[in-house]
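Nothing in this text is a laboratory measurement; each read-out follows from the coordinates by a stated rule. Worth saying up front: this structure is predicted, and the values here are computed from it rather than measured. When we count neighbours, we look across all protein chains shown, and the Cβ atoms used for this are built from the backbone with ideal geometry, even at glycine.
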Amino acid sequence: MSPPSKLKDPIAEAREHYRAGRRSQAEIICRELLARSPCNDAAWQLLGVMALDVKREEFAVHAFMRALD
């Protein structure tokens, strides 16, 4: 019998990376999710939060608007 899968929800994993200060890993996960599903509101929201962290306000607004679409 195989051990239980330890696969996580990608957004949960991205949030963990973000909270741990691994923003580049979090961004990679979000962008991979958006490549597969361009309307993933959670990925857009997290990208918006990360953009605000580095003062990229224009992109943050864009990301938050996409999250609300």
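What is the spin-label model distance, in nm, from ASP53 to SER37 if the labels are put 7 Å beyond Cα along the C-beta direction?
Once both label points are built, they end up 2.2 nm from each other.
What are the extents of the Cα atoms of the chain along their three principal axes, in Å, largest first?
51, 26, 15
Hey, can you rank 47-55, 33-41, 61-69 by average C-beta count inside 10 Å, highest first? Don't jump to the answer; show the numbers that get you there.
Working: 47-55: 16.4, 33-41: 13.1, 61-69: 14.7.
Per-residue Cβ counts within 10 Å, averaged per peptide and sorted highest first, yield 47-55, 61-69, 33-41.
Sequence gap at least 6, Cα distance under 8 Å: using those rules, report the relative contact order of region 4-52 to the nearest whole percent.
Numbers: 32 pairs, mean separation 14.8, N = 49.
After rounding, I find 30 percent.
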